[in-house]
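Quick notes on the structure that follows.
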DNA sequence: GCCGAACCGTAACGTACGGTACGGCAAGCC
DNA sequence: GGCTTGCCGTACCGTACGTTACGGTTCGGC
């Protein structure tokens with residue numbers, strides 16, 4: 001590229017073609033993104049291109065060639081992490097109250113573990129920092145959308161079939177799956193995420209998470225469990 | 001936990017004595033902080049000292065003299081806003097189910113209005129951005145603590161007496177006021193705050209807020225309303 | 001061996017911004 | 001008047017960091 005603004009359009013190959021997140025990456029690129037991710041967790045949003053290059057043992061020129069600019073690197077990093085978190089959907093076949101309860105507790109427990117993890121906190125922090133008002137001309141505030149899409153909305157997408165299977169089998173009673181999901185979400189997460197994001201110490205032990213998951217599940221069943229079956233509250 | 005605003009003497013160095021109520025501020029200083037607040041809402045965290053000075057029609061030198069440094073200005077701004085938000089506590093006397101329900105709905109509605117306001121979102125964004133890992137040598141992460149103290153914890157402090165009055169009068173049944181509060185918090189806020197912080201459009205109309213407040217209140221009463229009227233067998 | 005592509009390491013550039021210094025001006029006080 | 005105080009406006013400095021440029025090295029293909 002001696003002289004001419006040959007590829008000034010700075011987003012040809014960097015963009016990471018929307019769907020196959022993580023698919024079109026070479027091993028080396030994944031390693032670089034892992035380094036960036038680690039740095040993001042350690043240093044927060046003020047990680048520098050130089051630091052990423054040094055940590056990943058690659059040159060800044062390579063970073064810019066692969067990811068376009070700092071935002072591109074950040075976006076790719078967030079998407080890369082998101083692509084690693086994909087969880088297997090739960091099959092809602094032959095559902096009885098016990099297995100439904102177990103599924104809900106599992107979802108609650110997994111979700112609490114996710115939102116209290118260092119990685120999630122760091123990612124949410126950077127995404128929130130980038131979601132300022134009218135930032136950039138057009139799209140580019142992808143970070144918040146990506147995090148949301150792979151966090152809260154992915155959870156809803158996986159949980160709703162379970163809820164609807166429960167309704168189908170007469171175990172649950174609700175009018176709108178979306179509303180029911182949000183109730184469950186609120187009962188599980190409560191104030192945990194905002195407190196952690198704001199820097200509140202709040203160590204969630206394995207035991208505490210298990211207890212909270214059971215409590216949230218029982219509360220949800222108390223609200224939306226079908227009245228026809230047994231639903232005794234149990235110690236939690 | 002988090003008893004009072006744990007001030008490091010770092011920020012006391014420069015003006016802003018540890019009155020977090022914004023009492024010791026001159027009118028001019030309040031005007032400057034209002035300008036900073038407006039700018040914070042408009043521009044997010046990347047507001048500059050120069051921009052604040054220009055907006056407030058004051059010199060940068062004055063900003064530094066009054067607030068020490070950028071963080072001091074940010075902290076003072078957050079505290080200034082917090083001091084304006086103080087809400088009158090609800091008196092929980094002669095409580096019957098109707099007035100309890102009304103109180104809870106009021107709390108829920110107020111809280112939803114707060115967390116969906118531009119100001120709250122901007123403040124939480126900047127506080128979260130400042131709550132990174134091991135930022136600075138000492139204290140300095142005050143922002144998150146301040147926001148938490150004047151948001152979620154202030155809400156708890158005002159709501160708990162109402163809950164306990166409800167229990168006293170046999171209207172509510174719960175073991176731990178803190179846990180009960182967190183349940184109510186979760187039922188009210190659900191995913192609203194995190195979605196807004198991450199940039200999700202999510203217009204909350206007055207009507208929607210009212211509906212959500214009523215729903216959350218009914219759900220809370222379903223979970224913690226006394227089943228047998230004002231003569232429950234439980235003694236503590 | 002030669003060539004080109006990809007990449008590393010690092011120096012260099014440009015700029016934005018936090019922080020400081022200085023001149024000017026108005027008000028109060030002697 | 002002259003001195004002091006407090007503030008505005010602005011020029012200035014230092015640095016951090018995003019971004020670019022360039023020389024050097026490795027590696028695959030012929």
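What number of residues within the range A:184-217 satisfy the criterion of being in contact (Cβ under 8 Å) with a residue 40 or more places away in the chain and either surrounded by fewer than 20 Cβ atoms within 10 Å (Cβ to Cβ) or more than 7 Å from every other protein chain (Cβ to nearest Cβ) (or both)?
Counting residues in the range A:184-217 that are in contact (Cβ under 8 Å) with a residue 40 or more places away in the chain and either surrounded by fewer than 20 Cβ atoms within 10 Å (Cβ to Cβ) or more than 7 Å from every other protein chain (Cβ to nearest Cβ) (or both) gives 13.
Can we say residue A:12 is outside any helix (DSSP H, G or I), modelled with pLDDT under 85 and surrounded by 18 or more Cβ atoms within 10 Å (Cβ to Cβ)?
Answer is no for this residue.
Failed condition for residue B:66, given (1) on the phi < 0 side of the Ramachandran plot; (2) within 14 Å of chain A (Cβ to nearest Cβ); (3) within 13 Å of DNA strand C (Cβ to nearest atom), with all others met?
Status for residue B:66: all satisfied but (2).
Report yes if residue B:98 is modelled with pLDDT of 90 or more and in a helix (DSSP H, G or I), otherwise no.
Numbers: modelled with pLDDT of 90 or more: yes; in a helix (DSSP H, G or I): yes.
It is true that residue B:98 is modelled with pLDDT of 90 or more and in a helix (DSSP H, G or I).
Starting from residues that are buried (at least 19 other Cβ atoms within 10 Å of the Cβ) and within 14 Å of residue B:46 (Cβ to Cβ), keep the ones in the range A:127-140 and report whichever is modelled with the highest pLDDT.
To start, the set of residues in the range A:127-140 that are buried (at least 19 other Cβ atoms within 10 Å of the Cβ) comprises A:127-132.
Checking the rest, the ones that are also within 14 Å of residue B:46 (Cβ to Cβ) come to A:128-132.
Values: A:128: 93, A:129: 88, A:130: 85, A:131: 82, A:132: 72.
Only one residue tops the list, namely A:128.
Among residues belonging to the range A:40-63 that are in a loop (DSSP other than H, G, I, E, B) and near DNA strand D (Cβ under 9 Å from one of its atoms), point out the one that is farthest from the other protein chains (Cβ to nearest Cβ).
It comes out as A:59.
Among B:104, B:37, B:73, which is the only one that is within 16 Å of DNA strand D (Cβ to nearest atom) and either more than 30 Å from residue B:224 (Cα to Cα) or at pLDDT 90 or above (or both)?
Values: B:104 fails: within 16 Å of DNA strand D (Cβ to nearest atom); B:37 fails: within 16 Å of DNA strand D (Cβ to nearest atom).
None of the other options fit; the residue is B:73.
The values are calculated or read from the model by the stated rules, or taken from the named source; none is laboratory data. Please read all numbers here as calculations on a predicted model, not as lab measurements. A quick note on method: Cβ atoms are made from the backbone with ideal geometry, for glycine too, and the neighbour counts reach across all protein chains shown.
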